[in-house]
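The values are calculated or read from the model by the stated rules, or taken from the named source; none is laboratory data. The model shown is predicted, which means the values in this text are computed figures rather than measured ones. Backbone-built Cβ (ideal geometry, glycine too); neighbour counts: all protein chains shown.
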Amino acid sequence: MAVNLIELSPAGLYCPPGRFHIDPWRPVACAVITHAHADHARAGSERYLACDDAAQVLRVRLPGAAIDTLPYGAPMLRDGVRVSLHPAGHVLGAAQVRIEYRGEVWVASGDYKRDADPTCAPFEPLRAHAFVTESTFGLPIFRWRAPAEVVDDIAGWWRANAAAGRTSMLFCYAFGKAQRIAAMLARARALNVGPLAAHGAMSALNDAYRASGVDLPPIVHATALAAADVPRALVLAPPSAAGSPWMRRFGDFASGFASGWMQTRAGRRRRGIERGFALSDHVDWPGLLATIADTGASRVLVTHGESSAVVRWLREHGHDAAALATEFAAEGEPEAMPTAGAA
Amino acid sequence: MEAFARLHRTLEAERDDARIAAIGAYVRDAPPDDAALAVSLLKGQRPRRILPAAVMRDAAMRAAGIARWLFDACKTQVGDVAETVALVVPSASRTTLHGLAWWSERIASLATVDAGAAATRLVEDWDSLSTDARIVYAKLVSGTYRSPVSPALVDRALAPNFSVPVDPRPPFADASLRVDAVLVYAEPAAPKGFALGAFTFALWDERGGARTLTPIARIDDVAEHERSALEAIVRRTTVERFGPVRRVTPTLVCELAFEAVEASGRRKSGWRLRAPRVVRVRDDASVDDAATLADLGKYAR
């Protein structure tokens, strides 16, 4: 039997022949980073390797870190192991890690989605002998509607609030979701309703996106909104801002939340938000199963999320599947942590 | 059906001015038979159960190609069979323009066919409905549809220039029971949420001679609008904390709806409410106006 190209070590996912970790949760010598969300890109490692599209954001998240970058698809050889990064479609710079060694190919997905996103390269299907997949939304209740339809709903909600003279406060993760929504609202030609604004915690990330060449519409700093513009504005805010004194300036605002967890009524109620918009940067159930089939992998290892349900389903359908007990957060936790440059 | 499903979703989420506008718009734009049925449902008429939830669940499992354990895992996450059914079935391949009244008759006719034919019909019907419409459909089939608003709010929405043209239809039983109760405790929701989870309400207890407030129900089924009013009161009036539980000064009266009241020896109040929920904050009522345990006893069977 071939050697394991990825296994679980105390510090995280580890490639023994290549002597590197993937998204380690403890400091290591060499960390390959799939994307810059806080639970995947932790500080303290000696060297980091990430996709060049991720570099700008990663430098915001890991100030001072030694970061090497690779373009998507370009191979790097390390101890006879051929490592390359491929688009995962999750957020800007998100990568799948492809590892080839002595004819064996393993792919670690990182977080990924199959839906369109104007702020990052689309997911690239790869063939692999073994596939390590995320399973954040690994239950059949998670079937995403077309993202453009959800964004149309957001635009309609914004329009109705503006007509009623109420600020639209849209909570979403500061890195990825906020920029995706901004870009999609621009594409839906919805920005004539009023100014698009963002919480200060998002400014550095918006700048990093622009510096990476992503086309974002003008986004006003929320505290710089003119008083007359406040009731017509849509304000993108991180979940951690909810209930903070920062929000008082917006008076009687309408609140919304954009996240895959908004798919269920229980998810909407748990957040205590008026409107939920099920827009996710993670793969849904049909996308997860299709992706696993696309890889042709005979072995599937399932990380954080609904791993037990996915593993059981895969086994019942003839796959060699197992769970990997990673320490990645469920969607929603990473952005609750303070971000570099947060205000 | 899609229009009523959108209305239902709006009523679950929005505040009163938006709710009133949405009811008004639906009633104005819908055909008269749809409007009449919608009004009776929103005013608390409860639909009769047409099929057991298990028949619907099994049909949904077949349509989704999933086993019982996976349906149950989904149900645990969702918390409601009708919504789980609506979510697991693959997206519709067709659309229909039929309204609430047409669907209601079609649903009623499910009772006249055998179980196999009913299951086939369910899957066929789901294939032409959005997720939100499927939730309403499934709740009408299982008899679990409950109005997200109070009858008084519906009256306010209809007040300007509208009268219901048709009487409530035969498949509906009595409205749920109502009582005015006082908020006494609140506790947070799941660790990650920032909303309060459950609220405990009390009624006046005059059994011991003195007049004290005795808890009668702990409720987590609170619509967002009422939830924000409750949270605001909790923030202002918390007097004590025991771990996650906050005791508040009794100041807020809410109208609770419930399906039945049963004697319960395990509870201090002596009563247990079935399916209690908050329908409205009674800004117009003082704590003294809340009901007594004796009032509640009159509802017992």
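Here are a few things to note about the model shown:
- Of everything listed in (1) out of contact with any Lys or Arg (no Cβ under 8 Å at 6 or more places or on another chain); (2) within 14 Å of another protein chain (Cβ to nearest Cβ); (3) surrounded by 14 or more Cβ atoms within 10 Å (Cβ to Cβ), the single unmet condition for B:Glu226 is (1).
- Condition broken by B:Ala59, with the remaining ones in (1) free of Cβ contacts under 8 Å to residues at least 60 places away in the same chain; (2) in contact with a Leu (Cβ under 7 Å, 6 or more places away or on another chain); (3) crowded, with 19+ Cβ neighbours inside 10 Å satisfied: (1)
- Test: residue in the range A:67-88 that is in a loop (DSSP other than H, G, I, E, B) and crowded, with 24+ Cβ neighbours inside 10 Å: yes
- Selection from the range A:266-319 of residues that are closer than 22 Å to A:Gly176 by Cβ, within 13 Å of chain B (Cβ to nearest Cβ) and acidic (Asp, Glu): A:Asp284, A:Glu306
- Strands (runs of 3 or more DSSP E) completely within the range A:133-243 that count 2 or more residues being farther than 24 Å from A:Ala94 by Cβ and either in contact (Cβ under 8 Å) with a residue 24 or more places away in the chain or among the aliphatic types (A, V, I, L, M) (or both): A:168-171, A:234-237
- Against the test of being in a helix (DSSP H, G or I), surrounded by fewer than 17 Cβ atoms within 10 Å (Cβ to Cβ) and out of contact with any Cys (no Cβ under 6 Å at 6 or more places or on another chain), the options B:Ala25, B:Ala18, B:Ala38, B:Ala5 yield a single qualifying residue, B:Ala25.
- Under the condition of being surrounded by fewer than 18 Cβ atoms within 10 Å (Cβ to Cβ) and either within 8 Å of B:Ile135 (Cβ to Cβ) or more than 8 Å from chain A (Cβ to nearest Cβ) (or both), the residues counted in the range B:76-87 number 1.
- Some residue of the range B:137-145 being within 28 Å of B:Ala22 (Cβ to Cβ), in contact with a Phe, Trp or Tyr (Cβ under 8 Å, 6 or more places away or on another chain) and surrounded by fewer than 17 Cβ atoms within 10 Å (Cβ to Cβ): no
- Selection status of A:Ser203, in contact with a His (Cβ under 7 Å, 6 or more places away or on another chain) and surrounded by fewer than 24 Cβ atoms within 10 Å (Cβ to Cβ): yes
- Exactly one residue among B:Leu51, B:Leu110 is among the hydrophobic types (A, V, I, L, M, F, W, C), in contact (Cβ under 8 Å) with a residue 40 or more places away in the chain and either in a helix (DSSP H, G or I) or within 14 Å of another protein chain (Cβ to nearest Cβ) (or both), and that residue is B:Leu110.
- Flag if A:Arg114 is of a type in the set (Lys, Arg) and not assigned by TED's automatic domain parsing to the domain that holds A:Ala31: no
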